[in-house]
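Novice: Starting off with a structure, shown below.
The values are calculated or read from the model by the stated rules, or taken from the named source; none is laboratory data. No experiment lies behind these values; they were computed from the predicted model shown. Neighbour counts run over all protein chains shown; Cβ positions are idealised from the backbone, glycine included.
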């Protein structure tokens, strides 16, 4: 029989043992990674990726065959193997066999084939350009599929490879309920209530039950396969996501929860990080706080060249901005050196090219620069017929009517607001009446991209300055409400050359074609590139796993690596491994006109980059282990005494 003192001793030991378990990594309080965002999402529907904030949510909720690495090259992700025919018109892909949707249903090649055909049928502007060159897709087996191209596309891994994959067992029924699936709101209880019964009636019980359980738990149908799943949302305030419990990359994401919390200004974002309310900024830090931030021992201040380019867009349909000489005059009225050196305090570089300067091989550095010159502004306006007819100091339009140009700027960014103020001031010096109208970002996007009701606006984007995405922007089919060509730039010769460029396998000849395309853009001037910022996303020092890359410290790799245990970042690219048995790239008999069934292994020019880290044992684990040894020893001692009696 144990004495009272022995019982108390054992209870104390067990209490200490339980307390020590909180030091073990598997039993820690959940790690919550908080990102200070500037805006809430505009579109809960993943088919409508209209804003940067929509993009961030899709980035972590939906997976792709390939992911862009810190080297800005495509690396295998869901894709475990691919091959293509010698003429590049038939491609065979295999997907990971251990990937699951957020509801627990398996992701298979059937989902990818469905996604391709879905995008081809409904042509959502955000994703149709990724598949428009795919003539058809076919399922080979559960994890293998084949696509046939209508024409060779040299950028296939950067376009098709980056499309988000949709769950067939959800979106099949979205299309049954909504004639236009882009109008489906997966976060709306009404819309979910319309689609869920269709899923339950049309899918096998084991599939439908998982969807129903997911909806009962989370209340939405925004089901992806990415590293995080959406658990809670507060309109305009936050998006709360949890770690995908069956994510196909073991050990990732590192954090248990990811929260995008909205702060209205860049100053508010910075203060949230400084105070420890958030861990990293989504926007770049205000220039005025950088000396303070750099002196703060709790903060890290990375400076990365942005992949986004700040530019002005013109409406070519408008009777004023549709006149080429007027656009050229506006281009000469903006002093880019003043913008980057004074307004941006040197934390930016002036840009004159129509491909991001970081992609140097593809850049045409000889396009017109439109240097600052008010004399040239006046000459161009005179030549176009913009003259002060009545002597009141303001020029009239070529038809003699009075006019005023409206410029839209995003009110949350003081830099772009001030750029437009300066442009208004400079235009006034040559007799052009203009006004800058700062708008809520979503309102500006709606006016420009959806209603096409604008003259001039300023924005930042990356894709239209990357040659592999030209066909998603500078084409007539995108010059529609909700499309990527709000400027109304339509040029048949340009589009024909673009098709030739995309189908040119030789890099040097393709580069020459893209350089000619850039000459056309510089001459027609649907947009005017202005600057590339240094992206300074301040983060807290206790945040480990940050991957600093072009575009900033906040990116997909940081979001899956972020942790507070001192674990360094890894890049867990998927290693390409040819299956033991695999069908030929081109099936026999062939059903389309392609080269016979001779396969060529995909040329994979980039190396799998992984951080090889030394074995890391956090100090709290060492402490816990020591305590556990001591406790076990003490317990054995007591139990030994009890047994010996």
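Novice: Go through region 149-180 and report how many residues are under 25 Å from residue 362 (Cβ atoms) and either outside any helix (DSSP H, G or I) or outside the structural domain of residue 138 (by TED's automatic domain parsing) (or both). It would help to see each step written out before you state the result.
Specialist: Kept after step one, since they are under 25 Å from residue 362 (Cβ atoms), are these residues of region 149-180: 149-163.
Now drop any that are not either outside any helix (DSSP H, G or I) or outside the structural domain of residue 138 (by TED's automatic domain parsing) (or both), which leaves 149-155, 163.
The total comes to 8.
Novice: While we're looking at this one, here's another question. Take residue 48 and tell me if it is at pLDDT below 90, surrounded by 15 or more Cβ atoms within 10 Å (Cβ to Cβ) and closer than 20 Å to residue 449 by Cα.
Specialist: no
Novice: For the list (1) under 30 Å from the mean Cα position of the chain (by Cα); (2) more than 23 Å from residue 351 (Cα to Cα), I need the number of the one condition that residue 433 fails.
Specialist: Only one criterion in (1) under 30 Å from the mean Cα position of the chain (by Cα); (2) more than 23 Å from residue 351 (Cα to Cα) is unmet by residue 433, namely (1).
Novice: Please specify each residue of region 356-394 satisfying the condition of being in contact with a helix residue (DSSP H, G or I) (Cβ under 6 Å, 6 or more places away or on another chain), crowded, with 19+ Cβ neighbours inside 10 Å and free of Cβ contacts under 8 Å to residues at least 60 places away in the same chain.
Specialist: 377, 380, 381
Novice: A further question on this structure: Tell me which of these residue 415 doesn't satisfy, since it passes every other one: (1) more than 16 Å from residue 455 (Cα to Cα); (2) over 35 Å from the mean Cα position of the chain (by Cα); (3) crowded, with 20+ Cβ neighbours inside 10 Å.
Specialist: Among (1) more than 16 Å from residue 455 (Cα to Cα); (2) over 35 Å from the mean Cα position of the chain (by Cα); (3) crowded, with 20+ Cβ neighbours inside 10 Å, the lone unmet condition for residue 415 is (2).
Novice: Restricting attention to region 395-423, which residues are touching a helix residue (DSSP H, G or I) at 6+ places or on another chain (Cβ under 9 Å) and under 23 Å from residue 282 (Cβ atoms)?
Specialist: Within region 395-423, 408, 409, 410, 411, 412, 413, 414, 415, 418, 419 qualify.
Novice: Would region 298-315 turn up any residue that is under 30 Å from residue 487 (Cβ atoms), more than 25 Å from the chain's Cα centre (by Cα) and modelled with pLDDT of 95 or more? Walk me through it before giving the result.
Specialist: Within region 298-315, the subset under 30 Å from residue 487 (Cβ atoms) is 304-315.
With more than 25 Å from the chain's Cα centre (by Cα) added as a condition, the list becomes 315.
If we keep only those that are modelled with pLDDT of 95 or more as well, we get 315.
Yes: region 298-315 contains one or more residues that are under 30 Å from residue 487 (Cβ atoms), more than 25 Å from the chain's Cα centre (by Cα) and modelled with pLDDT of 95 or more.
Novice: Output yes when any residue across region 96-110 is in contact (Cβ under 8 Å) with a residue 24 or more places away in the chain and in a helix (DSSP H, G or I), and no when none is.
Specialist: yes
Novice: Next up: Out of region 503-541, which residues are assigned to a loop (DSSP other than H, G, I, E, B) and in contact (Cβ under 8 Å) with a residue 40 or more places away in the chain?
Specialist: Hits for region 503-541 are 503, 504, 505, 525, 526, 536, 537, 538, 541.
Novice: With respect to residue 291, determine if the residue is touching a residue at least 40 places away in the same chain (Cβ under 8 Å), surrounded by fewer than 20 Cβ atoms within 10 Å (Cβ to Cβ) and not in a strand (DSSP E or B).
Specialist: Spelling it out, it is not the case that residue 291 is touching a residue at least 40 places away in the same chain (Cβ under 8 Å), surrounded by fewer than 20 Cβ atoms within 10 Å (Cβ to Cβ) and not in a strand (DSSP E or B).
Novice: If we scan region 424-445, do we find a residue that is outside the structural domain of residue 155 (by TED's automatic domain parsing), part of a loop (DSSP other than H, G, I, E, B) and under 30 Å from residue 133 (Cα atoms)? Give the derivation first.
Specialist: Keep residues of region 424-445 that are outside the structural domain of residue 155 (by TED's automatic domain parsing), which gives 424-445.
So of that shortlist, the ones also part of a loop (DSSP other than H, G, I, E, B) come out as 430-433, 440.
Adding the requirement that they be under 30 Å from residue 133 (Cα atoms) leaves none.
Checking region 424-445: not a single residue is outside the structural domain of residue 155 (by TED's automatic domain parsing), part of a loop (DSSP other than H, G, I, E, B) and under 30 Å from residue 133 (Cα atoms).
Novice: Also, I was wondering about something else. May I ask you to list the residues in region 252-283 that are in contact with a helix residue (DSSP H, G or I) (Cβ under 9 Å, 6 or more places away or on another chain), farther than 10 Å from residue 37 by Cα and assigned to a loop (DSSP other than H, G, I, E, B)?
Specialist: Across region 252-283, the qualifying residues are 252, 253, 254, 255, 277, 279.
Novice: While we're here: Just one of the numbered conditions (1) outside any helix (DSSP H, G or I); (2) at pLDDT below 95 is not true of residue 490; which one?
Specialist: So residue 490 meets the others, but not (2).
Novice: Got at least one residue in region 55-64 being at pLDDT below 95 and part of a loop (DSSP other than H, G, I, E, B)?
Specialist: No, region 55-64 contains no residue that is at pLDDT below 95 and part of a loop (DSSP other than H, G, I, E, B).
Novice: Can you say whether residue 336 is surrounded by fewer than 16 Cβ atoms within 10 Å (Cβ to Cβ), farther than 29 Å from residue 481 by Cβ and at pLDDT 95 or above, as far as the supplied structure shows?
Specialist: No.
Novice: Can I ask one more? If only one of 221, 239 is crowded, with 18+ Cβ neighbours inside 10 Å, over 20 Å from the mean Cα position of the chain (by Cα) and under 24 Å from residue 126 (Cβ atoms), which one is it?
Specialist: 221
Novice: Looking at (1) surrounded by fewer than 20 Cβ atoms within 10 Å (Cβ to Cβ); (2) touching a helix residue (DSSP H, G or I) at 6+ places or on another chain (Cβ under 7 Å); (3) over 30 Å from residue 182 (Cβ atoms); (4) at pLDDT 95 or above, which is the one condition that is false for residue 575?
Specialist: For residue 575, the exception is condition (2).
Novice: May I ask you to verify whether residue 295 is in contact with a helix residue (DSSP H, G or I) (Cβ under 6 Å, 6 or more places away or on another chain) and at pLDDT 95 or above?
Specialist: Considered against the rule, which asks whether it is in contact with a helix residue (DSSP H, G or I) (Cβ under 6 Å, 6 or more places away or on another chain) and at pLDDT 95 or above, residue 295 comes out as no.
Novice: Answer yes or no: is there a residue in region 123-135 that is part of a strand (DSSP E or B), in contact (Cβ under 8 Å) with a residue 24 or more places away in the chain and either touching a helix residue (DSSP H, G or I) at 6+ places or on another chain (Cβ under 6 Å) or crowded, with 19+ Cβ neighbours inside 10 Å (or both). Don't jump to the end; show me each part of the working.
Specialist: Of all residues in region 123-135, those part of a strand (DSSP E or B) come to 134-135.
Now drop any that are not in contact (Cβ under 8 Å) with a residue 24 or more places away in the chain, which leaves 134-135.
Filter once more, so that each one left must be either touching a helix residue (DSSP H, G or I) at 6+ places or on another chain (Cβ under 6 Å) or crowded, with 19+ Cβ neighbours inside 10 Å (or both): 134.
Taking every residue of region 123-135 in turn, at least one turns out to be part of a strand (DSSP E or B), in contact (Cβ under 8 Å) with a residue 24 or more places away in the chain and either touching a helix residue (DSSP H, G or I) at 6+ places or on another chain (Cβ under 6 Å) or crowded, with 19+ Cβ neighbours inside 10 Å (or both).
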